[in-house]
Amino acid sequence: MNLRSLALAPVLIVALLGALPGRATIPSPPPSPVLPAVPSIAPGYEAPNVEPGKPHVIGVTAQPFVGISLSDAIGMALLKNPDLAVAAGNRRIAFYGIEAARGAFDVRLQVQPEYDHSLTPPQNPFFAGPNYGPIAQNDESISGGVSGILPNGQQYSINMTQTRTANNEIVNLLNPYYPTALAFTLTQPLLRNAGMNAPKRDLRLAVINANQTSEQTLATVSTSIEQVEDAYWDLASAWRKVAIQEEALREAIAQQRSNIRLARQGVGAPVDAVESGAQVAAFEGDVYSALQDVALLQNQLKSDIADNPGDPVWEANLVPTSPVLRMPPVPTFPQLVAEAMQNRPEIRQSLDAALQTDVNVAYARNQTLPQVDVKLGFTSNGYAGQAIPISPTNPLYPFLCPTTPCSFAVPPVLVGGLGQSYNTLFNGRYPYFSAAVVFSTPLGNRTARALLAQAREQQRNAQIQLDAVEQRIGYEARNALQAYEAGLAQLAAARAARQASEVVYASELRKFHNGTSTTFLVLEREVQLAQNRGRELQAQTSLNKAIVELQRVSGAILTANGVDLNTLGSQAGH
């Protein structure tokens, strides 16, 4: 402080004193408050005279205690927690969705055997049956092929057909005959559906969705582990609180017995014994209240680590056995945020949401293009049959056989059965080629343009959500570090207060035994000691939970507990 500050100090003091109110005065007239009318509630009611119940945890049969470590509690939760088991099931469902999306690119096999029989009336002398009767035709055919779509939008098909036809038309030179065909077709999109198409989009979205589901599962696991650890340390604190209250009760009982002994000796007043008895009753109630907290926290922990009401853990009187958590190296705020940005599954989940919108934008932009497809086709045909002689009664006989003997004959390459037909097919004697360009587009194309606008809005929303997640991580990091630093300070203060209370209580007790203190002061110091012991216990528990929160915020809680998504919830329901 410099000389100028010293010179100004009196002036400031005078100014502050001038701002304070003046000396208090006695109110005149005396206050006379207006009180509301109170109805008579349950006339004649008084609390029943009941005896305290047995101090125990309801539903527990495994006595006296069953110890459980923190690692065992977390391991049981990872294997049997119902919520985690459902999350793991949802993850498997998402990966089945990838297989379902890949099914769009599966090769489709089609086989169709067929039999046809027909009788048709003769149309003219050339197309009629024997003696100009009806035309009878029997077709026995089988066709089969494969088709499919490729990831970049190409559509292909390979089909083969064979038929045996028996036809009694008088103009036939082959009967029965065997047509065969092998056809290849390929459709190549040039604009719309080229590179990006609906099946390809669905597959990419399924992969991203599976990753998102895995990350959501990790986020659920992180929260569940924190919940288990918090319940574990709360249960440890509750058991210690029972011990603190029982110790306070024993000390109060000892004080009451001392007061009774002094009162009987005529040294102390009987009211001192009554006063200490009131404190004994109060501490006894605190013991039952602390035991109730144990039961509630045991049930909470059991619900986190058990998968059904018949699990034996429900009958166990659980007692935490792990020591307090070690103090971690305290990171700086930027270090904690950087670690969280790298490890937290929520960040990867938001990035995947952005990837989803990118895929949708790419697909919607592609759908705004006109459809231009190149279609290529090639078919190899085969044909053969059994030659039949030309009858002089055939109307074509004069044209086919102008001279005698008849010199017309079916080409040898066409004479035979099904094998000969395939021979002509694979030799490519009767090929067919086709090529086409197909152009189509909806006028206005409002559907595609609307989908593109929607996808761009979703893309913008995904970026906003990513920014919100990053902001939330910064907010959580600030709070976690603040809670940790506050926990350290509160524990140090609570420990000092407890140590001082022990000294004060011991001193007050000695003064009481020397006749220089009163029962009221001894009981007051005893209550303060119990309260400060409880505050120290609560401060230690809060510090443990602050360490757990630091691990969750940084994302280290998953690696520190060896989380394996493949075994998550694997023992639930067993």
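The values are calculated or read from the model by the stated rules, or taken from the named source; none is laboratory data. Owing to the predicted nature of the structure, the values given are computational and were not obtained by experimental measurement. In this analysis, Cβ positions are derived from the backbone assuming ideal geometry, glycine residues included, and neighbour counts consider all displayed protein chains.
Numbers below:
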read-out	value
Residues that are modelled with pLDDT under 90, surrounded by fewer than 12 Cβ atoms within 10 Å (Cβ to Cβ) and over 60 Å from the mean Cα position of the chain (by Cα), drawn from region 410-452	PRO411, PRO412
When residues of region 499-513 are limited to those that are at pLDDT below 90 and crowded, with 17+ Cβ neighbours inside 10 Å, the one farthest from THR541 (Cα to Cα)	PHE512
Qualifying residue in region 258-271 (condition: farther than 27 Å from GLN540 by Cβ and crowded, with 22+ Cβ neighbours inside 10 Å)	yes
Residues that are out of contact with any Lys or Arg (no Cβ under 7 Å at 6 or more places or on another chain), within 23 Å of ALA560 (Cβ to Cβ) and among the polar types (S, T, N, Q), drawn from region 189-236	ASN211, GLN216, THR220, THR223, SER224, GLN227
Residue identified as assigned by TED's automatic domain parsing to the domain that holds LEU262 and either in contact (Cβ under 8 Å) with a residue 24 or more places away in the chain or more than 30 Å from ALA219 (Cβ to Cβ) (or both) among ALA468, ALA494	ALA494
Subset tally (residues that are more than 31 Å from the chain's Cα centre (by Cα) and crowded, with 16+ Cβ neighbours inside 10 Å) for region 295-333	1
Breaking point among (1) over 30 Å from ARG326 (Cβ atoms); (2) surrounded by 12 or more Cβ atoms within 10 Å (Cβ to Cβ), for ALA486	(1)
Long-range neighbours under 9 Å by Cβ, at least six apart or interchain, first residue more than 22 Å from ILE158 (Cα to Cα) within region 179-206, second in a helix (DSSP H, G or I) and among the acidic types (Asp, Glu)	ALA206/GLU99
All positions within region 152-175 that are surrounded by 14 or more Cβ atoms within 10 Å (Cβ to Cβ) and under 59 Å from the mean Cα position of the chain (by Cα)	GLY153, GLN154, GLN155, TYR156, SER157, ILE158, ASN159, MET160, THR161, GLN162, THR163
Considering residues of region 104-132 that are among the aromatic types (Phe, Trp, Tyr) and over 51 Å from the mean Cα position of the chain (by Cα) only, the residue modelled with the highest pLDDT	TYR115
Close pairs (7 angstrom Cβ cut-off, 6 or more residues apart or separate chains): of a type in the set (Lys, Arg) in region 510-539, not in a helix (DSSP H, G or I) anywhere	LYS511/SER517
Conditions (1) exposed (fewer than 11 other Cβ atoms within 10 Å of the Cβ); (2) assigned by TED's automatic domain parsing to the domain that holds ASP234: number failed by LEU79	(1)
Given (1) of a type in the set (Ser, Thr, Tyr); (2) over 21 Å from ILE388 (Cβ atoms); (3) touching a residue at least 24 places away in the same chain (Cβ under 8 Å), index of the condition THR161 fails	(3)
Any hit, region 132-155, residues being more than 30 Å from ALA436 (Cβ to Cβ) and part of a loop (DSSP other than H, G, I, E, B)	yes
So VAL57, is it at pLDDT below 80, within 14 Å of VAL319 (Cβ to Cβ) and either over 33 Å from the mean Cα position of the chain (by Cα) or surrounded by 10 or more Cβ atoms within 10 Å (Cβ to Cβ) (or both)	yes
Members of region 520-574 that are over 30 Å from PRO312 (Cβ atoms) and among the charged types (D, E, K, R)	GLU524, ARG525, GLU526, ARG533, ARG535, GLU536, GLU549
Search result, residues across region 170-220 that are outside any strand (DSSP E or B), within 30 Å of PRO134 (Cβ to Cβ) and out of contact with any helix residue (DSSP H, G or I) (no Cβ under 9 Å at 6 or more places or on another chain)	VAL171, ASN172
Subset of region 468-482 [over 15 Å from ARG348 (Cβ atoms) and among the basic types (Lys, Arg)]	ARG478
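Here's the yes/no breakdown for (1) within 29 Å of the chain's Cα centre (by Cα); (2) surrounded by fewer than 17 Cβ atoms within 10 Å (Cβ to Cβ):
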residue	(1), (2)
GLN531	no, yes
GLU536	no, no
GLN540	no, no
ARG552	yes, no
ILE557	yes, no
ALA560	yes, yes
LEU568	yes, no
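Conditions (1) aromatic (Phe, Trp, Tyr); (2) touching a Gly at 6+ places or on another chain (Cβ under 9 Å); (3) under 25 Å from ASN360 (Cβ atoms), marked per residue:
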residue: GLY129; (1), (2), (3): no, no, no
residue: TYR132; (1), (2), (3): yes, no, no
residue: ILE170; (1), (2), (3): no, yes, no
residue: ASN175; (1), (2), (3): no, yes, no
residue: LEU182; (1), (2), (3): no, yes, no
residue: GLY195; (1), (2), (3): no, yes, yes
residue: LEU203; (1), (2), (3): no, no, yes
